[in-house]
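Peer 1: Take this structure first; my questions come after.
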Amino acid sequence: MKRFLERAVKWLLTASGFVTSLVILLIIAFLFAEGAGLFSERVIEDGYVLALNRENTVKELSAAEIKAVFDEDVTNWNELGGPDMAIETFRLEDADDYFTEEQLGPQYENAGSLIAALVESRPGMIAFIPESMLPEDPSLNFIKDKTISPGEVLAGSEWFPTATPAPLFGIWPLLAGTLWVSLFAILFALPFGISIAVYMAEVASGRVRNILKPIIELLNGIPSVVYGFFGLIVIVPLLQQVFGLPVGESGLAGSIVLAIMALPTIVTVAEDAMRNCPRSLREASLALGATKWQTISRVVIPASMSGIASGVVLGIGRAIGETMAVLMVTGNAAVVPTSILEPLRTIPATIAAELGEAPAGGAHYQSLFLLGVILFFITFIINLCVEYISSRSKAKYN
Amino acid sequence: MDTKMNIQPASVFPKGYSRRKRRSQTVAFAVFRVLSLFIVLILFAILGFIIWKGAGVLSWDFLTKAPSDGMTSGGIFPAIVGTLLLMLGSAAVAFPIGIMSGVYMNEYASKTGWAVKFIRLMTNNLSGVPSIVFGLFGMALFVKYLGFGDSIIAGSLTLGLLSLPLVIRTTEEALKDIPDGIREGSLALGATKLQTIWKVVLPMGMPRIITGLILSLGRVSGETAPILFTCAAYFFPQLPTSVFDQCMALPYHLYVISTSGTDIEAQQPIAYGTALVLILIVLIISLVAGFLRRYFEKRLKIK
């Protein structure tokens, strides 16, 4: 009985030991399952077709081209490899401009054949209409509908998930926004983080250290939404005034908030690394007549470089994954940022802001899961880097 | 604990040092001091600002009444209850699994084997996963796949998984510092391994484990992203009656009310009040944890 219990408990403990690994696997599985679905979705909205006149030779359009056509950024078919004709766009809402209510019928029952006839009569027209509405065998050309290609998503420079007829899922603006904000956050946090770590580990007296330590911990404990709130109420208006911006919500506001949030991570890890620097190294340096500052800058810091580096990398990871604070202060404009003073949008903020509105199972929903996959892998790689760096530093002194 | 050696104080130099060396040290240390002071100022600016603006809002009614008039007046009672429920729920998920996992890592698994390395790698990775990814995962698994819907149970499970790495690490750290001699003593007296862990190792590690657990509760109380799509309700003035109900939560409430309200002006005081309550929860938790740490340390020293 007793031995059975021992064994059962051992199995139970072993099993719970592997729970975190299981969770990682499940995260990968579920995020992938939803996210990969995006690539089997069609470019053109479900149930709709893009109809062309017979004379038009254009067969295929990418999502970006479709959007350009319907936004009237492209106005001639020859820009898209077709004949030299002006482009006329037609959406279902435009039906009232072409036909009277009587012609369309009370239930729009004549709309399909009327629109088909309209497109037949106008060589340059492209119509975005439900497939079910069209009469059988209309003498029209259709844009070939493809599935969304990974290239369009990963290299696409426009994020427009609610655009019709063809939503755009280019992640580049979001990725650039994320990296841009995190980069500046780390640039701001780095001088502070390292100085505070050096100060706490090497310079400060025990009493000062005992005051600073809980302050850093507290800074780490403040919820991100409170940082976001503080940023929104204090930092955003301040930046707006100082830089004379039209809107204060900007990448800079995000980086400042993120810098404050990443500081505790950097300080804690870097300080630990410096405290673990072997005493003999320090003593040797002092014995050779170096000042305390020379010892710190030439011996302690280089010796604990890998620890400091892993602190910084961890801080970057935190900044990249941070959601709420960034969502609240960066203004969320999904454009490739050209300056840090403009509004921009990060991957986590996009997920948080849009998942609530995206219909479950649709392309938009799946694209947000794909963003989750990308985010997961970015942080996964960052964590592996940290593991590698710190395992090297351990090997050095043990 | 304090292994830092006492070298001479910063201002005192042996006679032979050149002026240049002295000056560069003085300047460098002054810079460090100023930058450290700056971070203290930032913390006090944030805390001070929110306490200053929020203190006037805080009242008994604010803490015990539901929001009313389209969230422009009334209190935040349902959000406080929701946050407490989520803290409890996530604790119920994370504490048992986390402690067991920590015990396995420190007591059963071989220290140099592949299992420990692998689990530690995975645990570290899990702790680095952004909270919004936990939110997505919780939505896909608990809300959709297991069919819990937006509910307290889905939120608690998601938050529980999020705090798991912290609990595991805490347990491991606590057990690691217990000298092997104590384990060997117990085994030598004829106790089994399980008895040793249950009667000797765990009670000795408990103080530090508890401190860590309390801190992990603090982290959970402020998390917003994981509950956005698994639990949090924009407006749910009655109290939840089962674990399958949605609930309001303080951090989500603060987010909604400060960014997308109907009447931002009228809601601002409520936002300050909510932020203050959140900060107070974090402050109280870290004070309690700090107090416990000191208390246990003293008691252990006397022993």
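Peer 1: Between the stretch B:190-258 and the stretch A:332-352, what is the C-alpha centre distance in whole Å?
Peer 2: Result: 32 Å between the Cα centres.
Peer 1: Moving on. Please find the FRET efficiency linking B:Lys65 to B:Leu146, where r is the Cβ-Cβ separation and R0 is fixed at 45 Å, and quote it to the nearest 0.05.
Peer 2: Approximately 0.85, to the nearest 0.05.
Peer 1: Which value in nm describes the separation of the simple spin-label points at A:Thr14 and B:Ala45, placed 7 Å from the Cα toward the beta carbon?
Peer 2: Roughly 5.5 nm, to one decimal.
Peer 1: Over chain A, what per residue volume does the convex hull of the Cα atoms give, in whole Å³?
Peer 2: Considering the Cα atoms of chain A, their hull volume per residue is 246 Å³.
Peer 1: Continuing with the same structure: Full extension from B:Leu189 to B:Ser24: what is 0.36 nm times the residue separation minus their Cα-Cα distance, to one decimal in nm? List each step's numbers first, then the result.
Peer 2: Numbers: separation 165, 0.36 × 165 = 59.40 nm, distance 6.12 nm.
Full extension from B:Leu189 to B:Ser24 adds 53.3 nm.
Peer 1: Run the dipole for the stretch A:172-397 about the Cα centre, Lys and Arg Cβ at +1, Asp and Glu Cβ at -1, nothing else charged, and hand back the magnitude in debye, nearest 20. Can you show the working numbers first?
Peer 2: Numbers: 13 positive and 11 negative charges, 210 e Å.
So the dipole magnitude of the stretch A:172-397 works out to roughly 1020 debye.
Peer 1: OK, next. Identify which of B:Ile227, B:Ile76, B:Ile97 has the largest mean-square fluctuation in a Gaussian network model of chain B, with springs joining Cα atoms closer than 10 Å.
Peer 2: With Cα springs under 10 Å in chain B, the top fluctuation among B:Ile227, B:Ile76, B:Ile97 is at B:Ile97.
Peer 1: Shifting gears a bit: According to the Kirkwood expression over distinct Cα-Cα pairs, how big is the hydrodynamic radius of chain B, in Å? Walk me through the intermediate numbers first.
Peer 2: Working: mean 1/r = 0.0442 Å⁻¹.
About 22.6 Å, per the Kirkwood formula over Cα pairs.
Peer 1: Another one. Take the stretch A:48-146, compute every pairwise Cα distance, and split them into 10 Å bins from 0; I just need the percent in each bin.
Peer 2: In order of increasing distance, the bins hold 16, 51, 28, 5 percent.
Peer 1: The protein assembly as shown: D in µm²/s via Stokes-Einstein (Kirkwood Rh, Cα pairs, 4 °C, 1.567 mPa s)?
Peer 2: Stokes-Einstein gives a translational diffusion coefficient of 45 µm²/s.
Peer 1: Could you please state, rounded to a whole Å, how far the C-alpha centre of the stretch B:106-145 is from the C-alpha centre of the stretch A:31-106?
Peer 2: 45 Å
Peer 1: Let me make sure I get this right: for the stretch A:1-82, a, b and c are the square roots of the gyration tensor eigenvalues over alpha carbons, sorted descending. Under 1.5 in a/c it's rounded, otherwise prolate if a/b > b/c, else oblate. Which is it?
Peer 2: Prolate.
Peer 1: Further question: Looking only at A:Tyr388, A:Tyr227, A:Tyr98, which one moves most when chain A is put into a Gaussian network model with springs between Cα atoms under 10 Å?
Peer 2: So, out of A:Tyr388, A:Tyr227, A:Tyr98, the one fluctuating most is A:Tyr98.
Peer 1: How would B:Phe148, B:Phe235, A:Phe169 line up from fewest to most surrounding beta-carbon atoms within 10 angstrom? Don't jump to the answer; show the numbers that get you there.
Peer 2: Numbers: B:Phe148 20, B:Phe235 13, A:Phe169 27.
Exposure proxy ranking, most exposed first: B:Phe235, B:Phe148, A:Phe169.
Peer 1: Order of B:Lys144, A:Lys146 from fewest to most other C-beta atoms within 10 Å?
Peer 2: Lowest count first: A:Lys146, B:Lys144.
Peer 1: Pop the C-beta distance of A:Glu109 and A:Asp145 into the FRET formula with R0 = 22 Å and round what comes out to the nearest 0.05.
Peer 2: Step by step, r from the Cβ atoms, then E = 0.30.
Peer 1: Something else now. For the stretch A:286-398, place one equal point scatterer on every Cα, skip the solvent, and apply the Debye formula. What is log10 of I(q)/I(0) at q = 0.13, 0.18 Å⁻¹?
Peer 2: Values, matching the q order: -0.69, -0.96.
Peer 1: Using label points projected 7 Å from each Cα along Cα→Cβ, tell me how many nm separate A:Leu183 and A:Arg209, to one decimal.
Peer 2: 3.7 nm
Peer 1: Cβ neighbours within 10 Å, averaged per peptide: list A:194-202, A:30-38, A:101-109 in order, most packed at the top.
Peer 2: Highest mean packing first, the order is A:194-202, A:30-38, A:101-109.
Peer 1: Averaged over peptide A:195-206, how many Cβ atoms belonging to another chain are found within 10 Å of each residue's Cβ? Display every interim value, and only then the final one.
Peer 2: Working: counts 10, 8, 2, 6, 10, 2, 1, 5, 7, 6, 3, 3.
Mean partner-chain Cβ count within 10 Å for A:195-206: 5.
Peer 1: Checking the table A:Lys59/A:Lys146; A:Lys213/B:Lys53; A:Lys2/B:Lys117; B:Lys117/B:Lys199; B:Lys111/B:Lys176; A:Lys146/B:Lys144 against a 20 Å threshold on Cα-Cα, which pairs fail?
Peer 2: A:Lys213/B:Lys53; A:Lys2/B:Lys117; B:Lys117/B:Lys199; A:Lys146/B:Lys144
Peer 1: I'd like the mean, over residues of B:78-90, of how many other protein chain beta carbons sit within 10 Å of each residue's own Cβ.
Peer 2: Mean partner-chain Cβ count within 10 Å for B:78-90: 0.
Peer 1: Right, next: Cut-off is 10 Å between beta-carbons; in what order do B:Thr224, B:Thr192 appear when sorted fewest neighbours first?
Peer 2: Placing the least packed residue first, the sequence is B:Thr192, B:Thr224.
Peer 1: So if we plug the beta-carbon distance of A:Leu288 and A:Tyr388 into 1/(1 + (r/R0)^6) with R0 = 45 Å, what FRET efficiency do we get, rounded to 0.05?
Peer 2: Approximately 0.85, to the nearest 0.05.
Peer 1: Hey, could you pull the Cα Rg and Dmax for the stretch A:172-397, both in Å?
Peer 2: 19.9, 70
Peer 1: Okay, next question. Please give the average number of partner chain Cβ atoms lying within 10 Å of the Cβ of each residue in A:4-17, rounded to a whole number.
Peer 2: 5
Peer 1: Please quote Rg/Rh for the stretch A:97-250 to two decimal places, taking the Kirkwood radius as Rh and restricting both calculations to Cα atoms.
Peer 2: Working: Rg = 29.3 Å, Rh = 22.4 Å.
My calculation of the ratio gives 1.30.
Computed from the coordinates by the stated procedures, all read-outs in this text should not be read as laboratory data. Because the structure is predicted, anything quoted here is derived from the model rather than measured. Every residue, glycine as well, gets a Cβ built from its backbone with ideal geometry; the counts of neighbours run over all protein chains shown.
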